[in-house]
1. Of the conditions (1) under 29 Å from A301 (Cβ atoms); (2) surrounded by fewer than 19 Cβ atoms within 10 Å (Cβ to Cβ), K97 fails just one. Which one is it?
2. Please state which one of A103, A150, A125, A129 is open to solvent by less than 50 Å² (accessible area, probe 1.4 Å), out of contact with any strand residue (DSSP E or B) (no Cβ under 9 Å at 6 or more places or on another chain) and under 18 Å from L186 (Cβ atoms).
3. For region 262-278, does any single residue satisfy the condition of being touching a helix residue (DSSP H, G or I) at 6+ places or on another chain (Cβ under 6 Å), in a helix (DSSP H, G or I), modelled with pLDDT of 95 or more and more than 30 Å from A84 (Cβ to Cβ)?
4. For region 71-78, check the following and say yes or no: at least one residue is open to solvent by 30 Å² or more (accessible area, probe 1.4 Å) and more than 21 Å from P243 (Cβ to Cβ).
5. Go through the residues of region 290-304 one by one and say whether even a single one is out of contact with any Cys (no Cβ under 7 Å at 6 or more places or on another chain), free of Cβ contacts under 8 Å to residues at least 60 places away in the same chain and not in a helix (DSSP H, G or I).
6. Residues in region 48-57: is at least one of a type in the set (S, T, Y), farther than 21 Å from A138 by Cα and open to solvent by 30 Å² or more (accessible area, probe 1.4 Å)?
7. Which residue pairs have Cβ atoms under 6 Å apart, sit 6 or more places apart or on different chains, and have a first residue in region 219-232 that is among the small types (G, A, S) and a second that is not in a helix (DSSP H, G or I)?
8. Please determine whether any residue of region 27-35 is open to solvent by less than 60 Å² (accessible area, probe 1.4 Å), under 15 Å from L88 (Cα atoms), under 37 Å from the mean Cα position of the chain (by Cα) and not β-branched (V, I, T).
Amino acid sequence: MTRRLAEVAKKVGVSEATVSRVLNGKPGVSEATRQAVLSALDVLGYERPTQLRGERARLVGLVLPELQNPIFPAFAEVIGGALAQLGLTPVLCTQTKGGVSEADYVELLLQQQVSGVVFAGGLYAQAEAPHDHYRLLADRNIPVVLVNAAIEHLGFPSVSCDDAVAVEQAWRHLASLGHERIGLVLGPGDHVPSARKLTAARAIGDVPDEFVARAIFSIEGGHAAASRLIDRGVTGIICASDPLALGAVRAARRKGHEVPSRVSVVGYDDSAFMNCTEPPLTTVRQPIEAMGRAAVELLNAQIGGTVVPAEELLFEPELVVRGSTAQAPKA
């Protein structure tokens, strides 16, 4: 008990006597200090006293599908910082292949009595994935916000980059450079943002099925998918993520095609270091800062008892032209 008091006191920056007063429900402690002590208990892995377990912790789950794609650490930085400014402690939950699943993380977060959860990418974007853990959160009335397009009827508010506008910007850029054979490297068939991108592309131009290649979201996936498109005569490639685009650049080079003189490539996200690649990547930028802060505002409103409609806030992307796109090659 003494060790626990000392650890919590050190974490919060208060005396052991103050921690003891909080744990025993005694008066004379400010609400901010009381909440800080309870959050420290949760973070350090100690159980709350029985009389305090009914209260939700000042912890917020931040669930990410991976950390290899730089866009997800970028979202984590913005969302985590905004939560901290509100006195909320983010608990980072990152999935790994063969490791802890998204549903497992939800169970762990519920055990910790979190105040809410932000999902920045995940199974909610895949129509054929399991979604029971989202329903569990809804049944428990846990505040939740989703980042980027989700399947319908989950009942949570979301903040998304406008996939249709992103594709329109990329397509018109390639078309203005004379490209007529434009292909798409997208995620799996049940991936909602990819479906939106394909619908938007077909509303703008001619996209036959052979000019659409599906891939897992990785450089290797982009390489394999883009290889198929290049073999079919595509000269401009629009990708659903920056890692996919880097794979497309690699695929073109492996086939002896220079980027951008023979094949032009456009990414999506404008994640870290895309201006340092060779060539620097033309991409469509997600407004990460604005989206992350909006997600936290929506979550905090729910935590405070405000009813937030299960609507999607759409944010405008921005085309960033660099060195991976150029005039279409002459036939």
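1. The failed condition is (1).
2. A129
3. Scanning region 262-278 turns up no residue that is touching a helix residue (DSSP H, G or I) at 6+ places or on another chain (Cβ under 6 Å), in a helix (DSSP H, G or I), modelled with pLDDT of 95 or more and more than 30 Å from A84 (Cβ to Cβ).
4. no
5. For region 290-304, residues out of contact with any Cys (no Cβ under 7 Å at 6 or more places or on another chain), free of Cβ contacts under 8 Å to residues at least 60 places away in the same chain and not in a helix (DSSP H, G or I): present.
6. Looking only at region 48-57, we keep the residues that are of a type in the set (S, T, Y), and these are 50.
Filter once more, keeping what is farther than 21 Å from A138 by Cα: 50.
The next check asks that each one be open to solvent by 30 Å² or more (accessible area, probe 1.4 Å); those that pass are 50.
Taking every residue of region 48-57 in turn, at least one turns out to be of a type in the set (S, T, Y), farther than 21 Å from A138 by Cα and open to solvent by 30 Å² or more (accessible area, probe 1.4 Å).
7. G221/A215; G222/V185; G222/A215; A225/V185; A225/A213; A225/A215; A226/V185; A226/I237
8. yes
The values are calculated or read from the model by the stated rules, or taken from the named source; none is laboratory data. Only a predicted model underlies this, so the values are computations on that prediction, with no experimental measurement involved. As a convention, Cβ positions derive from the backbone with ideal geometry for all residues, glycine included, and neighbour counts pool all protein chains shown. When the accessible area is computed, the model is the full protein with side chains, heavy atoms only, and any ligands, DNA or RNA have been set aside. Shrake-Rupley method; radii C 1.70, N 1.55, O 1.52, S 1.80 Å.
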